[in-house]
1. Pop a pseudo-label 7 angstrom from the Cα along the beta-carbon direction at both Arg68 and Lys126 and give the gap in nm to one decimal.
2. Test of understanding: extend the Cα→C-beta vector of Ile116 to 7 Å, then name every residue of the range 13-54 with backbone N under 20 Å from that spot.
3. Counting other Cβ atoms within 10 Å, which GluC sites (Glu not before Pro) in the range 48-92 have at most 12 and lie in a DSSP loop?
4. Determine, for Ile104, Ile89, Ile116, Ile69, the number of other Cβ atoms within 10 Å of each Cβ, and report the residues in order from fewest to most.
5. With a cap of 10 neighbouring Cβ atoms within 10 Å, and only residues DSSP puts in a loop, list the trypsin sites (Lys or Arg not before Pro) found in the range 33-131.
6. Among the chymotrypsin sites (Phe, Trp or Tyr not before Pro) within the range 48-131, which fall in a DSSP loop and have no more than 15 other Cβ atoms within 10 Å of their own Cβ?
7. Tell me the Kirkwood hydrodynamic radius of the range 28-93 in angstroms, computed as one over the mean inverse distance between distinct C-alpha pairs.
8. If eta is 0.692 mPa s and T is 37 °C, what Stokes-Einstein diffusion coefficient results for the chain, Kirkwood Rh from Cα pairs, in µm²/s?
Amino acid sequence: MPRPKRKRFIGSPPKVDGFKPLGFPISDLEPVILLYEEYEAMRLTDYEGLNQVDAADKMNVSRPTFTRIYEKARKSVAKAFVEGKVIMIEGGDFHSDHYWYKCINCQKLNTSCDKIRQCTYCQSDKLRELN
Ligand SMILES: [Zn+2]
């Protein structure tokens with residue numbers, strides 16, 4: 001019997017929606033999608049300096065699963081760097097202990113323990129749920 005899939009844990013969302021190469025209008029560029037859990041895998045290892053065992057533990061996944069997520073993340077980022085593609089950070093299959101929202105009005109990121117209806121920075125009600 002297959003083991004039930006564990007929900008990948010991510011503590012907080014990335015500060016930006018993605019990255020764009022200089023010198024080209026975004027409409028001329030193809031995107032590469034980096035899932036939220038792929039971003040988190042790179043953040044924990046390449047930015048925080050954790051080894052893969054500790055990073056897997058933080059994300060509540062097995063070490064082999066972590067390695068698969070991490071390798072796909074590196075491949076996507078390398079493809080974007082080499083081929084001059086936009087990186088969009090979105091989607092995935094994970095959970096967090098906070099609700100994440102992006103304000104359509106001021107573009108700021110809102111995180112909250114409870115569901116919110118208004119941006120905490122500009123009070124706009126135009127919020128997009130990220131998770
Ligand atoms: Zn706002």
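Each reported figure results from applying straightforward, stated rules to the coordinates on display, with no laboratory input. All figures in this text were calculated on a predicted structure; none of them were measured in a lab. So basically every Cβ, Gly included, is an ideal-geometry build from the backbone, and we count neighbours across all protein chains shown.
1. Going by the 7 Å Cα→Cβ label model, 4.0 nm.
2. Zone members listed by number: 13-18.
3. Counting only loop positions with at most 12 other Cβ atoms within 10 Å, the GluC sites (Glu not before Pro) in the range 48-92 are Glu48.
4. Placing the least packed residue first, the sequence is Ile104, Ile116, Ile89, Ile69.
5. Counting only loop positions with at most 10 other Cβ atoms within 10 Å, the trypsin sites (Lys or Arg not before Pro) in the range 33-131 are Lys115, Arg117.
6. Qualifying residues, ordered by number: Tyr121.
7. The answer is 12.0 Å.
8. Value of D from the Cα-based Kirkwood radius: 205 µm²/s.
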